[in-house]
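Worksheet: one structure, shown below.
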Amino acid sequence: MHEGQAKQREGFSSGMAVFFATLGSAVGLGNIWKFPYLVGENGGGAFLLVYFLCILFVGIPIMVSEFYIGRTTHKNAVGALKELRPGTSWKYIGLMGVCSSYLIMFFYSCVAGWVYYYLFKALKGDFVGITMATAKAQFANVVVGPLSPILWQVIVVGVVAAILAAGVKQGIERITKTLMPLLFLLIIICDIRALTLPGAAEGMQFLFHVDFSQLSAAAILTALGLAFFKLSLGMGTMMTYSSYFTDDNHMFNTAAKVAVSDTLVSLLAGIAIFPTVFSFGMEPGAGPGLLFMTIPLVFSQMPFGDILLVAFFFLTSIAATTAMLSLVEVPIAYMSEERGVSRKKAAIINALIIIIIGVLATLSVDKASLLGQYTILGRGFFDWFDYLSSNILLPAGGFFIALFAGYILKKQDLKYELSNHGTLKIDGLFNVFYFILKYLTPVLLLIVFLNSVGIIK
Ligand code: TRP
C-alpha cells in the first residue's frame, strides 16, 4: 500500500449511509430468488427455524467480526488481515474470499440477467393474460436461450463494471436509500394479494409450520450457507465495506439492523410466493425458477398488475445490482490496493473473467441447456459454483474469521474498536457477543460441517 492512500479512499458519509450501503449489499437475489426456492426445496418451516438460528448465532457475530477487521484497518480484505497479523497465513483467508467472490458472481450474474430480461419482458407486455402453464413455459424459454440469457448476463456485468470503475460509494447509499423502501412496499402489496388468493393458508402453513422430519443434514448445511450468502459474509465483502465506515458507527447496531431488515425482506418475499404456489397448485420445490414462475402470476391477479410487475422487476434489478457491486468490490479493492492495478483496469479485468466463466453457468442451468448434459458428480457448472461457494467456501471463510476474531485478536483490541475507542457503553453486549463468537459460532459451524459429510450424526 502506498503512502497516503488511506486518506484518498472515499468513504460512506454518515451512520445512515453506512446502514443503507450495507443493506444494499445484503438485500439482493438472495432474498427474492434464493431464499424462497431453498425454503421450498427443503420442506418449509423447520428449515426456516434453522435459518433464523444461523443468522443469530453465526451470522451476526461474524458480521461484527468482519466489521471490526475492516474498520480498524481501513483496508481491503487481504490487506486488512495482512496488517493485523503481518507475515502469517491469515491473508489467505482474504484471498479465499476473492475466489468465493468469483464463484458467486459466475452464477449470480446469470440470475441477475434473468431479472433484467424479465424487466424487459414485463415492459413489452409478455405477461399479460399469463397462466400457470405459460409462466412455466416462459421461464423455460428464458433459461434455455441460449443467446438471450448470455446477452443479458453481459449487460448486467457491463453495468456493474461501469459503476465500479467510476468508484462511486455515495451513489450506492443514495440509490439504496430511495429504492429499497419502495421494493419493501411493493413486496407488501404482493403479500396482501397473495394472502387473499384462494388456498393461501396452505402456503402459510408450509412456510411457518415446523416439522423436523422434513429436515436433513444437508438441509442444515444449506440453511447455514444461505445465512452467509444472505448477509454477504465469509468472503470479505463486509470487511471491505466496513473499511469505508465512519469511525462513530455503532457496529453492533448496524449488524443487528441489517440482519433484521434483511430477514424481514426474505420473509415478506416468502409470504408473497408460497400462498401463490399453493393457490395455483405448483410445486414448492420447483427450484431456481420459483420466483420467475410465481411473481408474474400474483401480479396478473391485481389491478394495475402489469405496471406493478414492471416496478417489481425494476426494483429487483436494482437490488441485484447493488449486491453485485459489493461482491465485485472485493477483488477490485484487492487488485487496486495490493497489486497497484487502477480501479478502471481492475473493473475491466474482473468483468472479463466473470463473463467468460459465467457463461458456463448460464449454459448449464437446465437439462435442456446447451451444456446441460455435462455434469460432474451429478452437478452442472451453475450448481457447482453455487454449491462450492455457499455451502463450502463461505462457511469455511466464516469459520476462520470467527477463529481469528475470537482466538487470535486481543479481546481488548476488539472491545476498544467496537466501543468506538471507549465512547460507547457496550460492556454487557460485548460480553455476550464475545462468548458466542468464541464458544458457539465456531463449534456450531464445525458440527454442521461434520454432520453434513456424515462424520458425526
Ligand atoms: N447478499 C447478497 C444477496 O443476498 C449477495 C451477496 C453480495 C453476497 N455480497 C456477497 C453473498 C458476499 C456472499 C458474500 O443477494
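Scanning the range 82-101 for residues that are over 21 Å from Phe433 (Cα atoms) and either open to solvent by less than 40 Å² (accessible area, probe 1.4 Å) or touching a Cys at 6+ places or on another chain (Cβ under 8 Å) (or both) returns Ile93, Gly94, Gly97, Val98, Ser100, Ser101. Applying a threshold of 6 Å to beta carbon distances and a minimum spacing of six or more residues, or different chains, the list of pairs starting in the range 25-41 at a residue that is of a type in the set (Asp, Glu) and ending at one that is more than 7 Å from the ligand (Cβ to nearest atom) reads Glu41/Gly285.
Which residues, counting only those in the range 287-307, are surrounded by fewer than 16 Cβ atoms within 10 Å (Cβ to Cβ) and touching an Asp or Glu at 6+ places or on another chain (Cβ under 9 Å)? The one that is surrounded by fewer than 16 Cβ atoms within 10 Å (Cβ to Cβ) and touching an Asp or Glu at 6+ places or on another chain (Cβ under 9 Å): Gly287.
In the range 213-294, counting only helices (runs of 4 or more DSSP H) that sit wholly within it, the ones holding 1 or more residues that are more than 16 Å from the ligand (Cβ to nearest atom) span 217-230, 251-279. For the structure I just gave you, tell me whether Ile401 is without any contact (Cβ under 8 Å) to a residue 60 or more places away in the chain and either surrounded by fewer than 16 Cβ atoms within 10 Å (Cβ to Cβ) or within 16 Å of the ligand (Cβ to nearest atom) (or both). It is false that Ile401 is without any contact (Cβ under 8 Å) to a residue 60 or more places away in the chain and either surrounded by fewer than 16 Cβ atoms within 10 Å (Cβ to Cβ) or within 16 Å of the ligand (Cβ to nearest atom) (or both). Within the range 174-185, residues that are of a type in the set (D, E, K, R) have Cβ atoms under 9 Å from residues that are surrounded by fewer than 20 Cβ atoms within 10 Å (Cβ to Cβ) and in a helix (DSSP H, G or I) in these pairs: Lys177/Met16, counting only partners at least 6 apart in sequence or on another chain. Can you pull out the residues in the range 254-277 that are hydroxyl-bearing (Ser, Thr, Tyr) and either over 13 Å from Gly40 (Cβ atoms) or under 14 Å from the mean Cα position of the chain (by Cα) (or both)? Listed by number, the residues that qualify are Thr254, Ser261, Thr263, Ser266. Residues that are assigned to a helix (DSSP H, G or I), open to solvent by 50 Å² or more (accessible area, probe 1.4 Å) and not β-branched (Val, Ile, Thr) within the range 444-457 comprise Leu444, Leu446, Phe449, Leu450, listed in sequence order. Scanning the range 79-100 for residues being within 14 Å of the ligand (Cβ to nearest atom) and over 18 Å from Ser242 (Cβ atoms) gives a total of 2. The residues of the range 251-266 that are closer than 14 Å to Leu186 by Cα and open to solvent by 30 Å² or more (accessible area, probe 1.4 Å) amount to a single one, Leu264.
A residue that is at pLDDT below 95, in a loop (DSSP other than H, G, I, E, B) and open to solvent by 10 Å² or more (accessible area, probe 1.4 Å) occurs nowhere in the range 319-334.
Only one of the numbered conditions (1) within 16 Å of the ligand (Cβ to nearest atom); (2) at pLDDT 95 or above; (3) open to solvent by less than 10 Å² (accessible area, probe 1.4 Å) is violated by Gly24, and that is (2). Does the range 398-406 include one or more residues that are more than 21 Å from the chain's Cα centre (by Cα) and closer than 23 Å to Val115 by Cβ? No, the range 398-406 contains no residue that is more than 21 Å from the chain's Cα centre (by Cα) and closer than 23 Å to Val115 by Cβ.
Yes or no, residue by residue, for (1) without any contact (Cβ under 8 Å) to a residue 40 or more places away in the chain; (2) surrounded by 22 or more Cβ atoms within 10 Å (Cβ to Cβ):
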site: Arg339; (1), (2): yes, no
site: Leu352; (1), (2): yes, no
site: Ala361; (1), (2): no, yes
site: Ala368; (1), (2): no, no
site: Thr375; (1), (2): yes, no
site: Phe382; (1), (2): no, yes
site: Glu417; (1), (2): no, no
site: Asn420; (1), (2): no, no
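The values are calculated or read from the model by the stated rules, or taken from the named source; none is laboratory data. Note that the structure is predicted; figures quoted are calculated from it, not measured. Positions of Cβ are generated from backbone atoms using ideal geometry, with glycine treated the same way; all protein chains shown enter the neighbour counts. Keep in mind that these areas ignore ligands, DNA and RNA; they rest on the heavy atoms of the full protein, side chains included. Shrake-Rupley method; radii C 1.70, N 1.55, O 1.52, S 1.80 Å.
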